[in-house]
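Inspection log for the structure reproduced underneath, given as structure tokens.
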Amino acid sequence: VQLQAFGGGAVQSGGSLSLSCAASGINFSVYTMGWYRQAPGNQRESVARITRGGSTVYADSVKGRFTISRDNAKNTVYLQMNTLTPEDTAAYYCNAVFGRDLYWGQGTLVTVSS
């Protein structure tokens with residue numbers, strides 16, 4: 001099983017970034033896919049998740065700014081991040097959950113400068 005996250009980088013406050021996470025080795029369409037982030041010195045926190053049926057849940061801190069989506073044909077989950085602030089600076093991780101199965105991808109770093 002492999003989850004590969006892409007798209008991190010450096011952006012100025014108010015800018016946008018799009019992350020993607022490509023999964024392999026799982027039946028992607030049945031998994032709930034999520035994005036988490038971890039800033040230095042902080043615990044990892046949930047950012048957004050999307051169920052197999054397309055239902056979404058967002059952290060309050062990103063509602064209205066971030067959009068999670070999935071393409072089951074491409075085994076990929078996306079996170080569109082708009083109106084970024086320095087508080088969004090973190091390593092972003094994707095995960096896949098189905099029943100007792102839980103997989104994590106490697107992090108991709110997002111840095112937002114003021």
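The values are calculated or read from the model by the stated rules, or taken from the named source; none is laboratory data. A quick note: this is a predicted structure, and the numbers were derived from the prediction, not measured. Here the Cβ positions follow ideal geometry from the backbone for every residue, glycine too, while neighbour counts run over all protein chains shown. Heads up: the accessible areas ignore ligands, DNA and RNA and are worked out on the full protein's heavy atoms, side chains in. Shrake-Rupley method; radii C 1.70, N 1.55, O 1.52, S 1.80 Å.
Which condition number in (1) out of contact with any Gly (no Cβ under 9 Å at 6 or more places or on another chain); (2) in a strand (DSSP E or B); (3) more than 13 Å from L3 (Cβ to Cβ) is the one that L102 fails?
All conditions pass for L102, except number (3).
Return the pairs, sorted by first residue and then second, in which the second residue is of a type in the set (D, E, K, R), the first residue lies in the range 95-114 and is in contact (Cβ under 8 Å) with a residue 40 or more places away in the chain, the beta carbons are less than 8 Å apart, and the residues are 6+ apart or on different chains.
Once the first residue is in contact (Cβ under 8 Å) with a residue 40 or more places away in the chain and sits in the range 95-114, its partners that are of a type in the set (D, E, K, R) give V110/R37; V110/D88; V112/E87; V112/D88.
Would you please name the residue that is surrounded by the most Cβ atoms within 10 Å (Cβ to Cβ), looking only at residues in the range 33-88 that are in contact (Cβ under 8 Å) with a residue 24 or more places away in the chain and hydroxyl-bearing (S, T, Y)?
Looking at residues that are in contact (Cβ under 8 Å) with a residue 24 or more places away in the chain and hydroxyl-bearing (S, T, Y), I get Y36.
Go through (1) open to solvent by 70 Å² or more (accessible area, probe 1.4 Å); (2) under 14 Å from the mean Cα position of the chain (by Cα) one by one and return the number of the condition Y92 breaks.
Here Y92 clears every test but (1).
Is the range 92-108 home to any residue that is modelled with pLDDT under 95 and touching a strand residue (DSSP E or B) at 6+ places or on another chain (Cβ under 7 Å)?
Looking for residues that are modelled with pLDDT under 95 and touching a strand residue (DSSP E or B) at 6+ places or on another chain (Cβ under 7 Å), one finds at least one in the range 92-108, hence yes.
Just checking, how many residues over the range 32-61 are touching a strand residue (DSSP E or B) at 6+ places or on another chain (Cβ under 6 Å), farther than 15 Å from A5 by Cβ and in a loop (DSSP other than H, G, I, E, B)?
Qualifying residue count, the range 32-61: 3.
Yes or no: the range 86-93 includes at least one residue that is part of a strand (DSSP E or B) and either touching an Asp or Glu at 6+ places or on another chain (Cβ under 9 Å) or farther than 16 Å from A5 by Cα (or both).
yes
Going through the range 1-28 one residue at a time, which ones are surrounded by 14 or more Cβ atoms within 10 Å (Cβ to Cβ), free of Cβ contacts under 8 Å to residues at least 60 places away in the same chain and over 15 Å from L109 (Cβ atoms)?
Scanning the range 1-28 gives a single hit, A22.
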